[in-house]
Amino acid sequence: MSTVTPLLSVQRVTYRYPDASGDALRDVSLEIRPGEFHAVLGPNGSGKTTLIRVALGLEAPAAGTAEIAGRAAAAWSRRDLARIVGVVAQREDNLFPQQVRETVLLGRYPHLSLWGAERPVDRDAVTRALERCDALGLADRWIWTLSGGEYQRVRLARALAQEPSLLVLDEPTASLDVRHEMELFELVRVLVDGGGLAVLMITHHVNLAARFADRVLLLAGGQTAAQGTPRSVLSRETVERVFAWPVAIESFDGHPQMIPLRQPKEPA
Amino acid sequence: MKRWLGLGALVALALVSAVALGPAHVALSDLPSSAIVRSLRVPRALLALLVGGSLGVAGASLQALVRNPLADPFLLGLSGGAGLGAVLAIALHVAGPWALPLAAFTGALGAMALVYRLGLVGGAQLDPRVLLLAGVAVGAFSGAITTAIVSLAEAADLRNAFLWLWGGLSGASWDTVLVMAVYIPVPLVVLYAAARPLDLLALGEEPATHLGADVEPLKRRVYIAASMLTAAAVAVSGVIGFVGLIVPHITRLVWGHRHRALLPAAFLGGGALLLFADTAARVSVAPRELPVGIVTALVGVPLFAVLLRRWGARG
């Protein structure tokens, strides 16, 4: 066990939505330290997004604790928390037309005083964040003219403009094509290796998580099905049980890769 | 900078024309000494600026709050509540110079409290969509009660109530200007302080939370402050539609969507629009006067139709 205080620490958390009949999360633990890339995998409805909401103090667990940087997640003000954790949520709206640089500047909100204007350091942080996401060329574009991949890079840049230590990404590659999802995973890996950032990513891409993430948490029905390095988690038995589908696990480049098998229909 | 100079010039032009023009002819050289100008036109012009500005800011903030670009301050049931308050005061023969404004203000605040209560889902979170529906429902309900009272009242009383409610700025005096000038800075400052978090709210409540905004207190503050502005506006000048809807749209086209610039621009733009509309209302059918709400609707509706087409074309 490392002695560094984890940026995010969830210990034996149980959570149940009001009026629900069962627990959305039961006895789940997770620790993330600087320079680590964690992926959370699991079928739809397995509690992935709920875990993030509890970890960030948006929902209070019925049992267990959720801490950010050594302090109870719910005890942080949203503003102070936003300087430590940047989140790219699954969905967001674009109520009013915005330009890229403008929307990335919103990431500076937790650093601005109530009445003060944006300072040069804020504009620099925006430029730097755009650069890191290879999106500086998009700075003056209108959001609605961006492709899906460009838009995700811009949203990532906005979270980086917060200058966080931990980045939380909720299915950032949903509806992206192969090139764009690979680009996004490569970018996240560079941020972790080069910038010492910690990343928590929810994803449906079992194989990309296996190749890019340091650790994997596999959730099933709100409980931990397996947790650890991709190699230790992604065994055929576990994956078949969690996703309820027959698979083969092959090794590629030292990483386990899942191949879903066909289920031949029995002749009538 | 150019935009602000242009807007400033527009406000100045609106003020000058409001003071210089009127049913009674006053020579330009006599303007400073004229009693009509000093006791009628100047306070009326200042009141138009304050009321129009309040409606512009209230509209811009509410559009961000309910996340609907078609929201109008009076859509949240305040005009219904104000009308009910005023009609009740007349039916109960409450007398005094401030009876009607105070009754309308109280009615508007009552409607605000009711809509707010209905908008609190599960007792804790303010749901903007429910807020909008509750506003329409409360407005319709208080409108029904108002009509019931009016239909049972004397004909003269009825006319008084409606003339007052749609009467616009004809009741302006230095006293009403003073009351507004003292009252509106508080909600205006509250809304300006919420300008940046309102920018975040346009992304959705959850993304705004992740960017550091305290979304629930923000929604409450904005709703209450915008309603307080609207309630004061309706108390001193009756229901004036379209200013709170049109002005934020036009200012958005020029200033963009950052509320730090948008809110001050909406204040000045709303003031200028109402000044021009009120001048037109006084001059166009002199010696009689059109209700200013009719002028803003006559100008506002075509303008709004054009905006809707632009919106649709981009959509």
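Points to keep in mind about this one:
- Radius 13 Å from Cβ of A:ILE32, net charge of other residues (Lys, Arg +1; Asp, Glu -1): -2
- Once backbone amide H atoms are built at 1.01 Å from N, A:ALA226 has A:LEU218 as its partners under 5 Å, excluding neighbours fewer than 5 places away on the same chain.
- Once the Cα-Cα distance is subtracted from the 0.36 nm per residue extended length, the B:ALA286 to B:VAL136 segment shows a gain of 50.4 nm.
- A:ALA60 versus B:LEU152: modelled label distance in nm, points set 7 Å from Cα along the beta carbon direction: 4.8
- For A:GLN257, residues with placed amide H under 5 Å, excluding near neighbours: A:GLU250, A:SER251, A:PHE252
- A cut-off of 5 Å between modelled amide H atoms, ignoring neighbours fewer than 5 places along the same chain, links A:PHE37 with A:VAL199, A:ASP214, A:ARG215.
- Across segment A:179-185, rounded Karplus estimates of 3J(HN,Hα) from the backbone phi angles (6.51 cos²θ - 1.76 cosθ + 1.60, θ = phi - 60°) give 4, 5, 6, 5, 4, 5, 5 Hz, Gly and Pro being marked x.
- Scoring A:4-12, B:268-276, A:111-119 by mean Cβ neighbours within 10 Å over their residues and listing the highest first yields B:268-276, A:4-12, A:111-119.
- The calculated FRET efficiency for B:VAL189 paired with A:SER235, based on their beta-carbon distance and R0 = 60 Å, is about 0.45.
- Based on the Kirkwood approach, the hydrodynamic radius assigned to the protein assembly as shown is 26.9 Å, with every pair of different Cα atoms included.
- FRET E, pair B:ALA27, B:ASP175, Förster distance 30 Å, beta-carbon r, rounded to 0.05: 0.60
- Simple label model, 7 Å out from Cα along Cβ direction - A:ALA244 to A:ASP177, nm: 3.4
- Phi-based couplings in Hz for segment B:107-113 (Karplus 6.51, -1.76, 1.60; Gly and Pro marked x): x, 5, 5, x, 5, 4, 4
- Within segment B:43-124, chymotrypsin sites (Phe, Trp or Tyr not before Pro) in DSSP loop having at most 15 other beta-carbon neighbours inside 10 Å: B:TRP98
- Alpha carbon Rg of segment B:263-311, scaled by the compact-globule rule 2.2 N^0.38 Å: 1.30
- Averaged over the residues of A:106-114, the number of partner chain Cβ atoms lying within 10 Å of the residue Cβ comes to 4.
- Taken residue by residue and averaged, Cβ atoms of other chains lying within 10 Å of the Cβ of A:89-97 number 6.
- Number of partner chain Cβ atoms within 10 Å, mean per residue of B:60-68: 1
- Derived scalar couplings between HN and Hα for segment A:234-244 equal 8, 8, 4, 4, 5, 4, 5, 5, 6, 8, 6 Hz in order, rounded to whole Hz, by the Karplus curve 6.51 cos²θ - 1.76 cosθ + 1.60 (θ = phi - 60°), x for Gly and Pro.
- Other residues within the sphere of radius under 12 Å centred on the Cβ of B:LEU203, judged by their own Cβ, net out at -2 (K and R +1, D and E -1).
Quick note: the coordinates plus some simple rules give every number you see, no bench work behind them. Because the structure is a prediction, the values reported are computed rather than measured. Here Cβ is always computed from backbone atoms with ideal geometry, including for glycine, and neighbour counts include all displayed protein chains.
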